[in-house]
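Encoded as structure tokens, the structure appears first; notes follow it.
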Amino acid sequence: MKRVLILLLMTLGLSPIMAQTVKGTLTDSETGEAIPFANVVLDGTRYGVATDLNGFYLINKMPAGEYTLRVRFVGYKEYREQITLNKGQTLVKNIVLESEAKTLADVTVTDNRIEERKIQTQVSVEKISATQIQQMPAIGGTTDLAQYLQVLPGISSTGDQGGQLYIRGGSMIQNLCLLDGLIVYNPFHSIGLYSIFETDIILNADIYSGGFGAEYGGRLSSVMDITTRDGNKKRHSGKLGLNTFGANIVLEGPLKKEKAGDPSTVTYLFSAKNSFLSKSSNVVYPYLKQSLPFDFTDLYGKLSINSGSGSKINLFGFRFDDQVNGYQTLADYHWLNYGVGTNFMLVTGSSSILEGHVAYSDYLINFHDASGHNNHSGINGYNMGLDITNFIGTNRLRYGLAFEGFATNYLYFNPYGLDITQDQNTFSLSGYITYKIATGKWLIDPGVRYIYYNAFNAGSFEPRISAKFNATDVLRFKMASGIYSQIFLDSRSDNDIVNLFNGILTGCPDLKKPNTFLNNPVGNSLQKAQHLIVGVEYDFAEHLTTNCEFYFKNFSQLLNANRNKMFDPDDPAYRPGGAYEKPEYLLTDYIIEKGKAYGVDFSLCYDIDWLYVWATYSLGWVFRTDEIQTYTPHYDRRHTINLLTTVRLGEQNQWEISGRWSYGSGFPYTQTQGMYEEIAFRDDITTDYTRVNGEYGVVYGDLYAGRLPSYHRLDISGKRKFSVGKRSILEINVSVTNVYNRNNIFYFDRLTFNRVDQLPIMWSTGLNFRF
């Protein structure tokens, strides 16, 4: 291990000998914060890059001589400067961009993202900024990442309650979520309108729906990588928000400002948001049969130390809390997630940067239902990583190491009253390397990741590749493929039409699982998948772009909680050779499965100063196969349509009207075939079944053979911004969710035949004051 680290650090010096280099950072003149995704070019040449999330850029391997350094980014004045590069010189140019004449509305960013697509492969990924999220209707008085994710292609949502998203055939546990490098195990609240992330502190969110590169590992389906801002370096500022759903606050500013001869800064960033919907719903929405008991509190804090030359270190921590108490036929549900961590970036004297992170996270969920059982699931652990990037002209070499250690604690009772438990500690160690090649019209990004799983004493070799061909300035073809693995699995009752409880388990060797699957021996229970994505991008006009992608995911081995378990595996009568011998799949806690997901996603975006239009259509199929049958899981949705429009009015775009319509065909569910009286026979065969009282028993139909009604909803909102003084803005918003009061199903109790729908028509209003 020490030799590997020494080798990685030595390669920081592997920059081209006597190569000319210009590098630096881009920052905002008013806040001092980094400007990501800006285009930095040497005018009239092929040399150019886009700044990274830290506003850092590096251009090298150009001939010595005189150049015009040009920087463009929508919303800022164009920057030009004549520079001279001598042989072997490294020129550091930290650039401060000045804003164009501002309106009260946020500037558009689509033009910048279109330019970036031409120099990045960007297959099956959406890059989201706070500005884009804020173009959503302000449901509940505020916009949120959870609302924006629901309109992305390939993503299926359970709606405004439940807080569950499924991405291109992947279950919740197959999605990796990172916050500043720290693993977050549940990023969404029970009320599906909100995530744990405060919109105003988000710098960027990368959403990979498949085919992600070798930098990421440990999940089968998708990645959500969220990066927060560092905080205002120039002055103390913030935001106060109050609405009918809750309240929020953001505070930021410098603890140490830049000085002459000392460019270093220290900044802070703090956010808090709280829902008091369980209390306000009784007053604001008296027509509801019961108050909405969705409570949450989210706290996040960050301290950033910046050197002024691009190097920096961040310290951060969070506490996210979600609770649902006795909602109609549902039970009490509560989860808590907290964590701390640090990440850093070191810009070396060569053409390299070194990045790293160390973090700890703890997640616990408790669920108490009508059966009287107390179910719980907890996972805690740490993750750390070291990444090195070498810039070689227009190419980029990136490699690194990652280490994860975690412990799971789990207790769950299935519909037959049999408990499934786990108390497990394990770790994984991985390394990766990627090399992005830009040659002519081609962008090729091959890579490989190797993950060692301690639980199995085995590794997984995972090659990945993505590529893009820029056929013309407006037409681009792309593809991505890769192999992926995962040790985690979730547990839920497949017989429940809707289930909030998603426990987290580790697929370790001592799990009670079959030794064979479809008559083939099972070596270990490591879950595996392979992705293939092909697509095309086309720009119909300067501000109009479309994207179409076809995807196929083959889940060659999956591990799932055994819905078919009916007998006690510790009873020798049911074991092989016993008097009542049963097949393994009726005895084990877990079963082996395989599956596949495929479909097509289409998106269209039109973005100008006063109008934003976003439209998506997804067509998809998801299948799973176990020992008994091939079935569609509960998140298989055939059709998904999303339409989003925002119009800005007034001389300074101070008025904003937004509307969003979503449609999703019905999710599968297991139908009820019949009811009967179930007698427990607590006294064994001496039980007098003519005198005891039984309980309701359910005869289930074929697994997920039924379909729930389709889901659709229209939301609208209006905003008005007022300038208050030189730097402050007051925003007043009014919104209506489920405008035509569609009865979208949320939960159905089989025993009482009681149906619970999702949110009815609800108005909300809010105030946001930025200073």
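The values are calculated or read from the model by the stated rules, or taken from the named source; none is laboratory data. Note that the structure is a prediction, hence the values are computed from the model and not measured. Using ideal geometry, Cβ is built from the backbone for each residue, glycine included, and neighbour counts are taken over all protein chains shown. We work out accessible area using only protein heavy atoms, side chains counted, and drop any ligands, DNA or RNA first. Shrake-Rupley method; radii C 1.70, N 1.55, O 1.52, S 1.80 Å.
Numerical summary
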| quantity | calculated |
| --- | --- |
| So residue 546, is it at pLDDT 80 or above, in a loop (DSSP other than H, G, I, E, B) and more than 22 Å from the chain's Cα centre (by Cα) | no |
| Elements of type strands (runs of 3 or more DSSP E) contained in segment 211-292, each with 3 or more residues being open to solvent by less than 10 Å² (accessible area, probe 1.4 Å) and hydroxyl-bearing (Ser, Thr, Tyr) | 265-275 |
| Scan of segment 607-665 for residues that are of a type in the set (Asp, Glu) and under 20 Å from residue 148 (Cβ atoms), ordered by number | 607, 656 |
| Identity of the residue in segment 170-203, at pLDDT below 90 and β-branched (Val, Ile, Thr), that ends up least open to solvent (accessible area, probe 1.4 Å) | 191 |
| Residue in segment 358-365 that is closer than 22 Å to residue 232 by Cα, among the polar types (S, T, N, Q) and open to solvent by less than 30 Å² (accessible area, probe 1.4 Å) present | no |
| The one condition in (1) assigned to a strand (DSSP E or B); (2) in contact with an Asp or Glu (Cβ under 7 Å, 6 or more places away or on another chain) that residue 565 fails to fulfil | (1) |
| Residue that is farthest from residue 122 (Cα to Cα) [pool: residues in segment 410-435 that are open to solvent by 30 Å² or more (accessible area, probe 1.4 Å) and modelled with pLDDT of 95 or more] | 429 |
| Residue list for segment 293-307, restricted to those being modelled with pLDDT under 85 and either surrounded by fewer than 17 Cβ atoms within 10 Å (Cβ to Cβ) or in a strand (DSSP E or B) (or both) | 294 |
| Candidate set from segment 754-766 (those that are aliphatic (A, V, I, L, M) and in a loop (DSSP other than H, G, I, E, B)); member that is most open to solvent (accessible area, probe 1.4 Å) | 761 |
| Residue 241 vs. criteria closer than 30 Å to residue 387 by Cβ and more than 17 Å from the chain's Cα centre (by Cα) | no |
| Options 553, 565; residue that is surrounded by 18 or more Cβ atoms within 10 Å (Cβ to Cβ), within 24 Å of the chain's Cα centre (by Cα) and basic (Lys, Arg) | 553 |
| Answer from 703, 751, 714, 708 - the residue that is at pLDDT 95 or above, out of contact with any His (no Cβ under 8 Å at 6 or more places or on another chain) and either open to solvent by 20 Å² or more (accessible area, probe 1.4 Å) or more than 24 Å from residue 643 (Cβ to Cβ) (or both) | 714 |
| Which listed residue, of 320, 245, is within 24 Å of residue 172 (Cα to Cα), of a type in the set (A, V, I, L, M, F, W, C) and touching a residue at least 60 places away in the same chain (Cβ under 8 Å) | 320 |
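Here is a yes/no grid of residues against (1) surrounded by fewer than 17 Cβ atoms within 10 Å (Cβ to Cβ); (2) in contact (Cβ under 8 Å) with a residue 24 or more places away in the chain; (3) within 27 Å of the chain's Cα centre (by Cα):
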position: 402; (1), (2), (3): no, yes, yes
position: 405; (1), (2), (3): yes, yes, yes
position: 408; (1), (2), (3): no, yes, yes
position: 437; (1), (2), (3): yes, yes, no
position: 442; (1), (2), (3): yes, yes, no
position: 450; (1), (2), (3): yes, no, yes
